[in-house]
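The values are calculated or read from the model by the stated rules, or taken from the named source; none is laboratory data. The shown structure was predicted, so the numbers you read here are calculated from the model rather than taken from an experiment. Please note: Cβ atoms are built from the backbone with ideal geometry, for glycine as well, and neighbour counts cover all protein chains shown. The area values use the complete protein model at the heavy-atom level, side chains included, leaving out ligands, DNA and RNA. Shrake-Rupley method; radii C 1.70, N 1.55, O 1.52, S 1.80 Å.
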Amino acid sequence: MLQVRKNRLWKLIIILFLSAGGISLILFSLNSKLDLFYTPSEMLIADIKPGYRIKLGGMVKNGSIRRDGTLIEFLVTDFSEEVPVTFDGVPPDLFKEDSGVVILGYFLDGRFEAEEIFAKHDENYMPPELLIDEVKA
Amino acid sequence: MIGEISHFLSLSAVLLLSLILIFNFFFFFAKIHPNQLILSLRLFNQACWLVFISFGMYVYLAISDDFSIAYIASHSNSQLPIFYKIASIWSAHEGSMFLWIVFLTAWSVLFINSLDKKHPLKKLTLLMLSLIILGFLLFLLLTSNPFERILPFGAVEGADINPVLQDPALAIHPPMLYLGYVGFVIAFSFITAYLLNGDFDLQWEKEIKKWSFVAWIFLTIGITLGSWWAYYELGWGGYWFWDPVENVALMPWLAATAFMHSLFASSKSSVLKTWTMFLGILIFALSLFGAFIVRSGIIDSVHSFANDPERGLYLLGFSGFITLLALGIFAYRLPAINSSKLVVTGSKESFLSMNNILMVTSIFSIFLGVTYPLIIESISGEKVSIGPPYYNTIFAPLILIAAMFIMASIDALWQRSITIKALCMNITVPIILSLLCVYIVWKVTAIFSILPYIGIFSGLLILLSYFLRVINNLFNKKFINKGSGIAHIGLGLLFFAVSMNSILSYEKNLNLAPGQSISVNESVQEFFFKDIQVLEASNHDIISAEVSIFQDGRTIFLNPQKRKYTVRGQITSESAIHASVMKDTYLTIGDQLENGSWTFSLKINYFIKWIWFSATLMVLGMLLTIFKKTAP
């Protein structure tokens, strides 16, 4: 085989090897790093593995916020079911009763342990699922 | 009245640009008449001026508080300083699209007039630019008209700018970002014109090189400003969230970086010609994709503008058309392009092309991360999102390989293979030193986590290789590429700082009453919440806490605030930040509890300043490259 061809073959093999490795890495991390999104009703009936990080979206129920030091407890509702949430820390400015939230965390024994609460820049923000439900109702 | 004139001028620009396209279409088959180009160019320049004057009048409308214009009424306020009245124009969709188009027009008109009168690609480039500007002007006027009036009576007072956007960094961030995004329209249209023209002996790199470099600088500054703003304004203490909108800015940046590197290879040793062209097309295509993602509201993100299917559809259609047109021409001409020279294994361009592959891989992974939730949702109806862990796992190995190639390429030569011996000599010392440093980091911090350590090691590899090279250079007086050196040191520093930040930073939530003090840990020995005050400012009320912290043998004073804006009733937090060389002490005040005490969030962020500094180094390196006297 010509030297040039040999070189080219080697290059091709290296490129194929790298891209195969890259793509399998990507697919592997995609599948293990997904955060599934649930509304309270979906969460209560879904079969969620313990220790699996998920997202919960809904409204903070009016009058449900309880504080103890830096610990905050509140209920997230979608107007049919509600899920109790606990969070340790300072929530974002737009976190208040009767407004939409998205929370990242773990669901364990009927309680949601929040790791992070997401604020939206838009003060009128509501999770899209709830908007649709409201229009339907 | 001025509103109508401004509107009319934009419409006239649409008319002129359509004229150029129609006129050239009919004369396409005819023999090219010398006046044809001159006439098109005149029409084009006039159309551009119309856009500028129209925007200038719009700025005047914003400054003079014309609240009969619906857009200005809902985003500005008579109490705002002039600076923010102007900035309010790009605080939402319609106005920011207008600005986007103004920049697009500015780049185009500057570039086309800088081209030589007889340049064979001038006409085709002009047509391509006209088509793109026309498409976006129509998008603005048809789906997102900023000139719309509130009839019959205008609003008495404006609804005010969103307070979190009322900040100098954020006022400059969108213009910088847009200047970067649309600057690549030059490479895009010039390359498309080159491919259409079909004369492949022509040199094309030189004309677009500096323009693309400048656009890259704007894009880098834009992204950095956005990240810096998010850090000090949003109160989360983070600088990058892998939010879809950040991702769509990062993709063109990576493509542009790859493009510049392969442009060097392509102009130095005429390799990778077609690849470079492909990248040149890809950057602007990704910018268009970004515009679609942000402005269609298809992805739920902190940045998304209001959801409007009509806009999304138009943007998708037009961006898709432009991209497919360019890629179609590329594919059609591909077999005809004189195959450029082969890359010599072990030469500088071989390492460079490997890193090009890595950058395209990372663009692909980000693209997948952005679109995957959409795909899943349309197939199974499940809602998913992809967060930082995905990107961290993807990027750590890529960064490591990239660092290896960067290290190997420093002493490699163009077109000539580096000897195995020289390569080993060059890489052994940095590898050993980096491993040693990583070991020291591990000993000192006593924290171990595999991904950040890969990042630290990669960053150190690049940094140490360049430092050794500089030291070596002092003795040997060998040639050193200063621009490239500084930019890559910036990159190494970025990897290092981001990784160190992720292992060392921590957060403490505190609950204290005024006058109370507590000890947090060995570093923050005393946290004293002295007092809280209520103040009044022009358009907001302020709750300001006085805190003194005894940290590492020094006392620092911090005043975290909460602001309530009177017009919108919106509440924002103003974090207090004390910066030292190694770390930031970042304090945010939370809420008041029933017993009168307050909650605080104290974050200690290590190496965060170094992140912005590394971006500055990259920009500096680029500037040096632009202003470098062309090597003999």
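A few points about this structure:
- Centroid-to-centroid separation of region B:1-70 and region B:272-296 [C-alpha atoms, Å]: 26
- The relative contact order of chain B comes to 10 percent, based on Cα pairs under 8 Å that sit 6 or more residues apart.
- Vicinal HN-Hα couplings computed from phi for region B:475-481 (Karplus, 6.51 cos²θ - 1.76 cosθ + 1.60; Hz; Gly/Pro x): 8, 8, 6, 7, 5, 10, 7
- Placing +1 on the Cβ of every Lys and Arg and -1 on the Cβ of every Asp and Glu, with no other charges, gives chain B a dipole of roughly 3000 debye about its Cα centre.
- Charge dipole (Cα centre; +1 on Lys/Arg Cβ, -1 on Asp/Glu Cβ; no other charges) of region B:490-632 amounts to roughly 740 debye.
- A probe of 1.4 angstrom, applied to the heavy atoms of all protein chains, finds residue B:173 with accessible area near 30 square angstrom.
- At least 20 Å² of accessible area lost relative to the chain alone, listed for region B:223-248 with a 1.4 Å probe: B:234, B:236
- Ordering B:155, B:423, B:186 by Cα displacement along the dipole of chain B toward the positive end leaves B:423 in first place; charges were set at the Cβ atoms of Lys, Arg (+1) and Asp, Glu (-1).
- Dipole magnitude of the protein assembly as shown, debye to nearest 20 (Cβ charges: Lys/Arg +1, Asp/Glu -1, about Cα centre): 4940
- Region B:81-106 and region A:1-66: distance between their alpha carbon centers, rounded to Å: 37
- Accessible surface, 1.4 Å probe, highest first, among residues B:261, B:540: B:261, B:540
- Averaged over its residues, chain B has an accessible area of 43 Å² per residue, based on protein heavy atoms and a 1.4 Å probe.
- Estimated FRET transfer efficiency (residue B:438, residue B:521; beta-carbon r; R0 25 Å; 0.05): 0.50
- Cβ-Cβ FRET estimate between residue A:109 and residue B:508, R0 fixed at 22 Å, reported to 0.05: 0.20
- ³J(HN,Hα), Karplus 6.51/-1.76/1.60, whole Hz, each residue of region B:413-428, x for Gly, Pro: 10, 5, 6, 10, 6, 7, 6, 4, 5, 4, 4, 4, 4, 6, 9, 4
- Gyration tensor (alpha-carbon) shape descriptor, chain B, a/c threshold 1.5: oblate
- With every protein chain in place, region B:490-598: carbon and sulfur % of accessible area (1.4 Å): 49
- Net length gained if the chain between residue B:332 and residue B:379 were fully extended (0.36 nm per residue, minus Cα distance): 13.6 nm
- When chain B is described by a simple charge dipole with +1 on each Lys and Arg Cβ and -1 on each Asp and Glu Cβ, the residue from B:280, B:509, B:64 located farthest towards its positive end is B:280.
- Note on residue B:599: accessible area approximately 0 square angstrom, rounded to 10, probe 1.4 Å, nucleic acids and ligands left out.
- Each residue, residue A:14 and residue B:471, gets one label point 7 Å from its Cα in the Cβ direction; the gap between the two is 2.9 nm.
- Backbone HN-Hα couplings from phi across region B:599-614 [Karplus 6.51/-1.76/1.60, Hz, Gly and Pro as x]: 9, 10, 10, 9, 10, 10, 10, 7, 6, 6, 4, 5, 5, 5, 4, 5
- Carbon and sulfur %, accessible surface of region B:1-166 computed with the full protein complex present, 1.4 Å: 73
- Estimated translational D of the protein assembly as shown in µm²/s (Stokes, Kirkwood radius over Cα pairs; 20 °C; 1.002 mPa s): 75
- Segment residue B:119..residue B:210, full-extension length gain: 31.0 nm, with 0.36 nm per residue of separation and the alpha-carbon distance subtracted.
- Rounded to the nearest 0.05, the FRET efficiency derived from the C-beta distance between residue B:478 and residue B:415 at R0 = 22 Å is 0.75.
- Each residue, residue B:628 and residue B:594, gets one label point 7 Å from its Cα in the Cβ direction; the gap between the two is 6.8 nm.
- Mean ellipticity per residue at 222 nm, deg cm²/dmol - from DSSP H runs of n ≥ 4 across the protein assembly as shown, formula -39500 (n - 2.57): -20000 deg cm²/dmol
- DSSP-defined antiparallel bridges as percent of all bridges, the protein assembly as shown, nearest 5: 95
- Exposed trypsin sites (Lys or Arg not before Pro) absent - longest run of chain B, DSSP non-H/G/I/E/B, at most 14 other C-beta within 10 Å: B:119-476
- Positive-end residue of B:595, B:624, B:578, charge dipole of region B:556-632 with Cβ unit charges: B:624
- Protein-only accessible surface at a 1.4 angstrom probe places the residues B:101, B:375, B:489 in the order B:375, B:489, B:101, largest first.
- Residues B:425, B:128, B:1, B:354 ordered from highest to lowest accessible area at a 1.4 Å probe: B:1, B:425, B:354, B:128.
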